[in-house]
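One structure is given here, and the rest of the page talks about it.
What follows is calculated from the coordinates using simple rules that are stated; it is not laboratory data. Just so it is clear, the structure is predicted and the values come from calculations on it, not from any experiment. Cβ placement follows ideal geometry from the backbone for every residue including glycine, while neighbour counts extend to all protein chains displayed.
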Amino acid sequence: MEDVSLEGLAHRFGTPLYVYSEAAILSQIRRFEAAFHGLPHLFCYALKANPSGRLCRLISSRGLGADIVSGGEMERALRSGFPASRMIFSGVGKTESELDWAVRRRLLFINVESEEELRRLEGVAKRLKKTADISVRVNPDIDPRTHRHITTGLAVNKFGVPPAAARDLFRRAAKQKHLRPVAIQCHLGSQIREVKPYLSALRQLLSLARSLAAEGIPLRWLDIGGGMGVAEGEKGELNPESLAAAIAPEMGDYPLRLILEPGRALVAGSGALLMKVLYRKASAGGGPLRGTPGTRLRRGRDGRRFVIVDAGMNDFARPSLYDAHHPIVPAVLPRGGPKFRADVVGPICESGDFVAKDRLLPWPAPGDVWAVLMAGAYGFSMSSQYNSRPRAAEVLVSGHEAALIRRRETLKDLFALER
C-alpha cells in the first residue's frame, strides 16, 4: 500500500488489521470535485461508511461537509473539524435529545422523515426559541436494483415520505415561526451502478421543488443522497464522471445547489483488512488439501475445502450480511504454484461466518498474511465484540509512513464498562 509492505504492517501491528491509504482517499475526493466542477455543489461525507477520526479529519480538511445519522456521529463530525454549517442530519428515529443538539448547533439542515418527527422538531425549536432549517426526505418509490438490505427509496422501505406527503410537510413547515424549509432530499440505497435511478429521483425532486417555489416556498438545496456503487466481484463502479454528465442537463440553470452524500465511494478502495491464515481443512468429500487442482467445487456431496483465518464476521460483516464479494490477495504474491478453490472462513461460532465462498486462490501456509481489498467502507464501522473478541486496530499509510490511528482493543477493554 503506497510505499509500505502489507506483510510488514501485519507483523508490526498484528492481525486482524485495517489499513488505509491516504493517497487513495485524496485521489477520490479530487476525482469527485473534478467531475462536478461545473455544478454548484457540496459533498457531505457519509460518516457511517467509516467514522475513524483521522480519516474524517483528512476529509473535512478538504472542505467537505458531513452526513450524519446519530448524535454520536454529530459529535464525531464536530471533533473531526466538520463545521455544523456543512452538516446534514438524516435518519428516521432521531430522539428529542438529538434534535435538541442539532437545533442548538445550527446544522445546515435536518432531514425530516415523518409528520410526527416534524411536530417534535417544531416543539424543540419553539422551546429553544431558535429557527431550525429543515429538509423533507422524499421516498420516490424507485428500485435501484441493489441488495434488498440496502435499498432505501422503495415504498416498502422505512425511509422518507411519498411526494404528496412531502408537499404537505413543506407547507406546514413554511407556516411555522421556528421552522424554515431550505432543502429537498432523497436517498435510493447503496451500491447503485446505474445512472437511471438517480435521474428518475432527480426529476421528481425538481418537479416538487418548482411547484413549491410557485407556492412561495423557495428552496436552496437539492440533495440526491449517495450510494454510488464501487467495484464488487464482476460488478463495476458507477463513476462520478457519468453521474455528473447525466445530472448537469437536468439541473440546467435552476437556482438550487446540489448535494451528494458519498461515503463508500470515497473510502472503500482505500482500505484493506489484513488477516492471518490459521488452518486449512477439508470436509468429507472435499478432496486432498495439498496440490489440489483449480476445478470448481460442486456443492453437496463433493464437500468443501476451508481456509480458516483470524478475521471473523465480527471484524468484517459485509460478506455475511450482503453476500458481498471482496477481492482477496496474499500480502506476498506467490511465484506460480497450484491454486485451489475453498471457502475462506473465520473463527466465529456461526456458519454465516465467512469472508469468501468458493474462491480460486493461491495455496496458503499457516501464518501467511492475506489482504481483503475494497474494505475501507463498512468494515471497522460495523465491527463488534461478538464472541468476546476485541476489535481490530487501524493504521493510516501515507507514502513511506504508517501511523496507528486506533489501537487494538484488549481483553480489559471488553469488560471496561461492566458494573
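Placing unit charges on each Cβ (+1 for Lys and Arg, -1 for Asp and Glu) gives the chain a dipole about its Cα centre, and among Ala23, Ser114, Leu188 the Cα reaching farthest toward its positive end belongs to Ser114. Stokes-Einstein diffusion of the stretch 60-103 at 4 °C, 1.567 mPa s viscosity, Kirkwood radius from Cα pairs, rounded to a whole number: 123 µm²/s. Scanning the chain for GluC sites (Glu not before Pro) lying in DSSP loops with no more than 12 further Cβ atoms inside 10 Å, the longest uninterrupted stretch between such sites is 1-214.
Considering only Ser60, Ile259, Gly352, and ranking their Cα positions along the charge dipole of the chain that arises from unit charges at the beta-carbon of Lys, Arg, Asp and Glu, the one farthest toward the positive end is Gly352. Dipole check for the chain: with +1 at the C-beta of Lys and Arg, -1 at the C-beta of Asp and Glu, and the Cα centre as origin, the magnitude is about 460 Debye. For the options Asp253, Asp353, Asp141, a Gaussian network treatment of the chain with springs between C-alpha atoms closer than 10 Å singles out Asp253 as fluctuating the most. For the stretch 269-414, what log10 I(q)/I(0) values come out of the Debye formula at q = 0.10 1/Å, with one point per alpha carbon and no solvent? These q points yield log10 I(q)/I(0) values of -0.36.
Centre-to-centre, using Cα atoms only, the stretch 25-98 and the stretch 201-225 are separated by 23 Å.
Rounded to the nearest 20 debye, the dipole magnitude of the stretch 1-58 is 240 debye, with +1 charges on Lys and Arg beta carbons, -1 on Asp and Glu beta carbons, and the Cα centre as origin. For Lys412, a cut-off of 29 angstrom between C-alpha atoms picks up these lysines, skipping any fewer than 8 places away in its own chain: Lys48, Lys276. Helix 163-174 and the longest principal axis of the Cα set of the chain meet at an angle near 50°. The Stokes-Einstein estimate for the stretch 23-134, based on a Kirkwood radius over Cα pairs and taken at 10 °C with 1.306 mPa s viscosity, is a diffusion coefficient of 108 µm²/s. Multiplying each eigenvalue of the alpha-carbon gyration tensor of the stretch 366-419 by 5 and taking the square root yields semi-axes of 24, 15, 12 Å, largest first, rounded to whole angstroms. For q values of 0.18, 0.21, 0.27, 0.30 Å⁻¹, compute log₁₀ I(q)/I(0) with the Debye formula on a Cα-only model of the stretch 1-45, without solvent. Results for the stretch 1-45 at q = 0.18, 0.21, 0.27, 0.30 Å⁻¹ read -0.65, -0.74, -0.97, -1.08.
Taking other C-beta atoms within 10 angstrom as a stand-in for reagent exposure, Tyr378, Tyr18, Tyr322 fall in the order Tyr322, Tyr378, Tyr18, fewest first. Please determine, in degrees from 0 to 90 and to the nearest 10, the orientation of helix 115-128 with respect to the longest principal axis defined by the Cα atoms of the chain, where the helix direction is its Cα long axis. For helix 115-128, the angle is close to 70 degrees. Take every Cα pair under 8 Å whose residues are at least 6 apart in sequence, average their separation, divide by the length of the stretch 36-262, and the relative contact order is 19 percent.
Between Rg and the Kirkwood Rh of the stretch 36-262, both from Cα atoms, what is the Rg to Rh ratio?
On the way: Rg = 16.7 Å, Rh = 17.7 Å.
Result: Rg/Rh = 0.94.
Taking max minus min of the alpha-carbon positions on each principal axis, the chain gives extents of 74, 48, 40 Å, largest first.
A cut-off under 14 angstrom between Cβ atoms defines the neighbours of Ser320, and their net charge, with Lys, Arg +1 and Asp, Glu -1, is -3.
Taking the C-alpha atoms only, the angle from helix 22-35 to the longest principal axis of the chain is near 40 degrees.
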